[in-house]
Amino acid sequence: MRRTAAILLSAALLCCACSEPSGYEVFVRAEDAPDAVYSFVFPVSDTLNIYDLSFYTRSDELRAVAHGAKSPLEMDVRWYAPSAKDSAALAETVYADGGGARGRVFAYRSGVILPEAGEWTITVRLAGAPEGFCGLGLKSKKNGTR
């Protein structure tokens, strides 16, 4: 009986250890983004997954408060598919509240279904980051499958 319980417990732990994470997060510091272009690699293992994506900012609190970092961020966002790294699959300009003494989290897209598995590249070019801006991050969360 104990042996059976131990085998079942081991199998359950093995299944959990092999499961894919439900979220992904990466942050790029401002000094690591040449020409204010932030580049994120977004791994997609299954084209049936549905994702919700958010961007987030971090700011130097003292400099941001002193200079009033409430202006919106203009972001030129481009998506590059794994099979076509030299041509953007999607290009758009989005605006987000860049304010806050420490930064903000803002929803970018929900219900995203990508047609190709592999490492997608998402680049974001910021037009005029506010004073005290420390960097930009990308968060994703799996929101089911189709």
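Ignoring aspartates and glutamates fewer than eight residues from K141 along the same chain, the ones with Cα atoms less than 15 angstrom from its Cα are E20, E25, D46, D52.
Taking label positions 7 Å along the Cα-Cβ direction at both K142 and V105, the computed distance is 1.9 nm, reported to one decimal. The stretch between E25 and A89, if pulled fully straight at 0.36 nm per residue, gains 20.9 nm over its current Cα-Cα span. For S59, the residues 5 or more places off, or on other chains, whose built amide H falls under 5 Å of its own are G103, C134.
Under the convention that each Lys and Arg Cβ holds +1 and each Asp and Glu Cβ holds -1, the size of the dipole of the stretch 22-145 around its Cα centre is about 320 debye. Within the shell defined by Cβ-Cβ distances under 11 Å, the residues around V77 carry a net charge of 0, with Lys and Arg each +1 and Asp and Glu each -1. 3J(HN,Hα) along the stretch 32-40, derived from phi through the Karplus expression 6.51 cos²θ - 1.76 cosθ + 1.60 where θ = phi - 60°, amounts to 9, 10, x, 6, 6, 9, 9, 10, 10 Hz, with x in place of Gly and Pro.
Rule-based calculations on the coordinates, nothing more; no lab input. This is a predicted model, so every value here is computed, not measured. A quick note on method: Cβ atoms are made from the backbone with ideal geometry, for glycine too, and the neighbour counts reach across all protein chains shown.
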